[in-house]
1. Return the whole-Å distance between the Cα centroid of region 52-105 and the Cα centroid of region 233-281.
2. With the crude spin-label approximation of a point 7 Å out along Cα→Cβ, what separation in nm comes out for residue 276 versus residue 89?
3. Over region 1-110, what relative contact order in percent results from Cα pairs under 8 Å that are six or more residues apart?
4. Using the count of nearby Cβ atoms within 10 Å as a rough guide to exposure, how do 236, 267 rank from fewest to most?
5. If you take the square roots of the eigenvalues of the alpha-carbon gyration tensor of region 1-142 and sort them as a ≥ b ≥ c, do you get rounded (a/c under 1.5), prolate (a/b over b/c) or oblate?
């Protein structure tokens with residue numbers, strides 16, 4: 001498994017198979033080209049090309065109606081394309097029909113790896129060092145949005161600077177509050193942007209192993225041949241959690257659902273699809 005070769009590239013750089021289309025569907029924020037070999041997700045002047053065999057799993061969300069098309073996208077991109085728009089149901093039908101045809105023909109079954117598997121210790125070292133591992137994806141951690149962080153910073157800054165402006169009367173308060181709002185918003189927005197770039201993962205899936213414990217628990221890498229399944233459960237405090245079982249049906253990792261920046265059922269579907277693909281390689 002490797003990362004998508006063409007992901008958010010200029011339109012002219014798409015492969016030949018993704019330049020044409022059978023039809024174009026509304027998948028806001030994307031215009032989705034349906035091609036013989038896969039889908040092209042076009043957004044403005046950039047686009048991503050995803051062959052049918054590159055799709056890990058489509059995950060349907062009902063409220064609002066959306067479809068997450070999961071694929072191995074290079075971090076820090078989320079491992080899916082979030083599709084909405086008026087044609088979302090048609091996009092799902094087309095995708096599932098093509099994937100069923102692939103499964104029937106055996107195109108997504110076991111393949112021979114060209115390189116030996118990387119030891120778990122080496123995987124862990126690379127993940128902790130933020131080193132690139134081709135094919136690895138990161139499940140995004142739940143963080144405040146950039147807009148929310150900026151708004152909070154602006155409010156705090158306006159209040160703090162406004163206090164200093166009391167000595168200058170109403171005009172001083174207004175000016176100081178304005179300066180504080182701009183400064184605070186920029187500061188908090190900058191911090192959130194840095195956080196998203198450097199620490200936005202709670203679970204890392206690589207072609208050789210998955211890494212758990214990034215939520216502050218025991219950090220470790222577990223080879224895929226020791227992983228039985230990803231499932232839902234409860235943590236020690238009784239809240240919803242992702243549970244990872246080994247081949248003997250024992251829990252080897254558990255992560256509370258609130259750490260994830262997506263619904264738990266989405267995380268489970270993506271992790272299970274990735275496990276099955278990595279285990280078959």
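1. Each part reduced to its Cα centre gives a spacing of 20 Å.
2. 2.5 nm
3. Numbers: 203 pairs, mean separation 25.8, N = 110.
RCO, region 1-110: 23 percent.
4. Working: 236 8, 267 23.
Going from sparsest to densest Cβ surroundings: 236, 267.
5. On the way: a/c = 1.66, a/b = 1.48, b/c = 1.13.
The shape class here is prolate.
Only the coordinates and a few stated rules stand behind these numbers; no lab work does. Small disclaimer: the values here were computed from a predicted structure and weren't measured. Positions of Cβ are backbone-derived with ideal geometry, glycine not excepted, and every protein chain shown enters the neighbour counts.
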